[in-house]
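For reference, the structure discussed in these notes is given below.
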Amino acid sequence: MTTEEIKSLIEKALDMRNFSYTPYSHYNVGAALLAANDVVFTGCNIENASFTPTNCAERTAFFKAVSEGVKEFKAIAICGGAEGAEVLDDCSPCGVCRQVMSEFCTDEFIIICAKSVDDYKVYTLPEILPDRFGPSNLIRA
Ligand code: THU
C-alpha cells in the first residue's frame, strides 16, 4: 500500500469515531476496512447495556462487508481513544477481532493502528495472531 492509501484509510477510521455508541466505556473506536475490490467498509464500536453484545469497530466493518457479499480484504485502519480526547490511544485489535480477521484474511493482510494520519504502526496478520486456528483447520480441499 502507498503512504497516501494508508493516510486515506486512517482518515476514514478517525471520522468513524464520531458514530461510536459508547455510553458505558466512553472509549471510541473507528475502523476502515479496505476490500480487495478497493471498496472501503467502515465501522464503529457499538455498546450495549448488557455488555456482552458490544461489537468492536473492526467487527462492525467486517460484518458490513461480508453481509454485502465481500469476503476478500487488503487492510484495516483502526483508531481508538477516550471520547473527546485529543490524543488517541495505541488501539490494538482485541482477540475476538483478530480471530474474525483470521477467518477472511490471508497472511498479507495489513493492520494499521493509528493515532493520526502521521502517527501509526503497521502489522501483518501473522504478527498479531501467530499460529492461528483458521478455516484450513476445518475445511479440507
Ligand atoms: N473496542 C473496539 O471497538 N476495538 C478494539 O480493538 C478494542 C476495543 C471497543 C469495545 C468497547 O466498546 C470499547 O472499545 C472498550 O473496550
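The values are calculated or read from the model by the stated rules, or taken from the named source; none is laboratory data. The structure displayed is predicted, hence computed values, not measured ones. No Cβ is skipped: glycine too gets one built from the backbone with ideal geometry, and neighbour counts run over all protein chains shown. What goes into the accessible areas is simple: the full protein's heavy atoms, side chains included, and nothing from ligands, DNA or RNA. Shrake-Rupley method; radii C 1.70, N 1.55, O 1.52, S 1.80 Å.
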Over all pairs of different Cα atoms in the chain, the reciprocal of the mean inverse distance gives a Kirkwood radius in Å of 15.1 Å
Taking a label point 7 Å from the Cα of Ala36 along Cα-to-Cβ, the residues of segment 49-75 whose backbone nitrogen sits under 15 Å from it are 66, 69-75
With all protein chains present and a 1.4 Å probe, the order of Met1, Met101 from largest accessible area down is Met1, Met101
With the convex hull built on the alpha-carbon atoms of segment 1-73, volume per residue in Å³ sits at 82 Å³
Here P(r) for segment 71-141, Cα-Cα distances in 5 Å bins, as whole percents, is 3, 15, 25, 22, 15, 10, 6, 3, 1, 0
Under 19 Å between C-alpha atoms, the lysine pairs in the chain lying 8 or more places apart or on different chains count 9
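For segment 42-93, report the translational diffusion coefficient in µm²/s to the nearest whole number, using Stokes-Einstein at 25 °C, 0.890 mPa s, and a Kirkwood Rh over Cα pairs.
Here the translational diffusion coefficient equals 197 µm²/s.
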Rounded to the nearest 10 degrees, the helix 57-66 long axis (Cα) sits at an angle to the longest Cα principal axis of the chain of 50 degrees
For the chain, averaging the sequence separation of alpha carbon pairs under 8 Å that lie six or more residues apart and dividing by its residue count, the contact order in percent is 21 percent
